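Working notes, structure below.
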Amino acid sequence: MICKLEEYIKESGLRKDFIANKLGVSVRMLRKYEKGESMPPLEKAFILADLLGVKVDDLYRRDKG
């Protein structure tokens with residue numbers, strides 16, 4: 001799985017603590033989402049996509065390798 005979340009967060013200019021607060025998670029958990037160590041529940045993925053101005057399926061890509 002290729003995670004694009006970190007890239008989108010950087011591009012958005014939003015602070016990680018702001019995003020984490022909107023998701024109801026810690027900044028530490030948000031970092032796990034960014035690094036692909038954990039996947040956000042679908043409900044939180046939709047919130048993330050809305051905050052970042054992308055579609056949910058833009059956040060992660062399947063690694064075909």
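Derivation of every value follows stated rules applied to the coordinates shown; laboratory data play no part. In this text, all values refer to a predicted model and were calculated from it rather than measured experimentally. Counting neighbours? That spans all protein chains shown, and the Cβs are built from the backbone with ideal geometry, glycine included.
Things to note:
- Cα centroid separation, segment 43-64 to segment 1-38: 11 Å.
- Here the simple spin-label model places points 7 Å from the Cα toward Cβ, and for residue 6 and residue 22 these points are separated by 2.1 nm.
- Restricting segment 5-41 to GluC sites (Glu not before Pro) in coil, as DSSP defines it, with at most 12 other Cβ within 10 Å: 37
- Using the Cβ of residue 1 as centre and a radius below 15 Å, the other residues enclosed give a net charge of -1, where K and R count +1 and D and E count -1.
- Restricting the chain to trypsin sites (Lys or Arg not before Pro) in coil, as DSSP defines it, with at most 11 other Cβ within 10 Å: 15, 55, 62, 64
- Sum of side-chain charges, residue 52 neighbourhood, beta-carbon under 14 Å (Lys, Arg +1; Asp, Glu -1): 0
- Pairs with C-alpha atoms separated by more than 22 Å, drawn from the list 10/64; 22/55; 4/44, are 10/64.
- Virtual spin-label span in nm between residue 14 and residue 39, 7 Å along Cα→Cβ: 2.1 nm
- Shown here is the pair-distance distribution of the chain: with all Cα-Cα distances grouped in 5 Å bins from zero up to the longest one, the shares run 4, 19, 34, 30, 10, 3, 1 percent.
- Summing Cβ point charges (Lys, Arg +1; Asp, Glu -1) relative to the Cα centre of the chain gives a dipole of roughly 160 debye.
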